[in-house]
Amino acid sequence: MGNNRRVIQPRTVAEQLLYSTVRICGDNGTGTGFFFHIQLEKDKQIQLILTNKHVINSNKKLSFYFHEAIINNQKPEPTNQSFSITVEDYANIWIPHPNGDIDLGALLFVPIRAHAKEQLKKEIFNISFDESLIRSDDALAEESDVDNKVLMIGYPIGLWDEVNNFPIVRDGITASHPSLDFNGKSVGVIDMACFPGSSGSPVVICMRGFHDKSGTYHIGASKNILLGLLFSGPYLTQSGKIEIKEIPTANIVPITTYNQMIHLGY
């Protein structure tokens, strides 16, 4: 890739989201993963890439596209370069959710980062979500509404800014109240076009200046809530029947389907 591209320094929340995801390519197409860490102690973390089980399963190998970092004053900064890593045996770093009905899993990120450093002599630049962005149902009842603006970051139908290695950022609203389990399951609904390739995309409430429920306006303040990741959505079949299906990975070869998406995602 050329050296005359502009480097986006992630100063705003939205710019940080550009570095929060990774494009995952497998034998069956492409999907989205995003970085997440669990803080154990002051200087110890469990670093993960979260995605759907159906993005990972049934693939013989996985390829990831990362931003390269340069270390400046002991802090990583993004460069204008990117690189890919292919993992052929990922069984030892893949942790699927133990509940078979929950389409969620985690890839251990540290072994992938170590491979980049040791084998390719490259550092990875990424920005990670953490537990502080997750709210309890009680907190969501106080801090959110039915029609919150949400952003989803990913690779719909495999699209991405290939030159700059950036995802596509889309916006919509929550279509069910985030504090309630939709149809009794730990699921929320968003009003947004959710195409193949968006599987695993993080869904974030991103507020810059907002009214709380007492009516007070917080000027200049920001509130960000990680609601979850896209995994399925309702389709209207050719016969007029509504079915709930996984949002598939984006196949490299176009295929014809007669199912119509109805602009909602779970």
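Here are some notes:
- Across the range 153-168, the number of residues qualifying as closer than 23 Å to Gln9 by Cβ and either buried (at least 17 other Cβ atoms within 10 Å of the Cβ) or hydroxyl-bearing (Ser, Thr, Tyr) (or both) comes to 8.
- Count of the range 1-37 residues which are touching a Cys at 6+ places or on another chain (Cβ under 9 Å), more than 13 Å from Ile127 (Cα to Cα) and surrounded by fewer than 18 Cβ atoms within 10 Å (Cβ to Cβ): 0
- Residue match in the range 96-105 (condition: modelled with pLDDT of 95 or more, closer than 21 Å to Ile168 by Cα and within 19 Å of the chain's Cα centre (by Cα)): no
- When residues of the range 72-95 are limited to those that are without any contact (Cβ under 8 Å) to a residue 60 or more places away in the chain, outside any helix (DSSP H, G or I) and over 21 Å from the mean Cα position of the chain (by Cα), the one nearest to Phe36 (Cα to Cα): Pro76
- Long-range neighbours under 6 Å by Cβ, at least six apart or interchain, first residue over 11 Å from Thr30 (Cβ atoms) within the range 48-64, second aromatic (Phe, Trp, Tyr) and not in a strand (DSSP E or B): Leu48/Phe109; Ile49/Phe109; Asn52/Phe231
- When each of Val189, Val163 is tested for being hydrophobic (A, V, I, L, M, F, W, C) and under 23 Å from Gln260 (Cα atoms), the lone residue that passes is Val189.
- For the range 5-47, a residue qualifies if it is in a loop (DSSP other than H, G, I, E, B), among the basic types (Lys, Arg) and in contact (Cβ under 8 Å) with a residue 60 or more places away in the chain, and the qualifying residues are Arg5, Arg6.
- Candidate set: the range 38-52, residues that are surrounded by fewer than 19 Cβ atoms within 10 Å (Cβ to Cβ) and of a type outside the set (Asp, Glu); chosen: the one farthest from the chain's Cα centre (by Cα): Lys42
- Test: residue in the range 186-202 that is under 28 Å from Phe83 (Cα atoms), part of a strand (DSSP E or B) and not assigned by TED's automatic domain parsing to the domain that holds Phe64: yes
- When residues of the range 116-139 are limited to those that are surrounded by 14 or more Cβ atoms within 10 Å (Cβ to Cβ) and over 20 Å from the mean Cα position of the chain (by Cα), the one nearest to Lys53 (Cα to Cα): Ala116
- The one condition from (1) surrounded by 18 or more Cβ atoms within 10 Å (Cβ to Cβ); (2) touching a residue at least 60 places away in the same chain (Cβ under 8 Å) that Glu68 does not meet is (2).
- Residue check, Ser176 touching a helix residue (DSSP H, G or I) at 6+ places or on another chain (Cβ under 7 Å), closer than 23 Å to Tyr266 by Cβ and modelled with pLDDT of 95 or more: yes
The values are calculated or read from the model by the stated rules, or taken from the named source; none is laboratory data. These figures come from a predicted structure and were not determined experimentally. Every residue, glycine among them, receives a Cβ derived from its backbone with ideal geometry; neighbour counts consider all protein chains shown.
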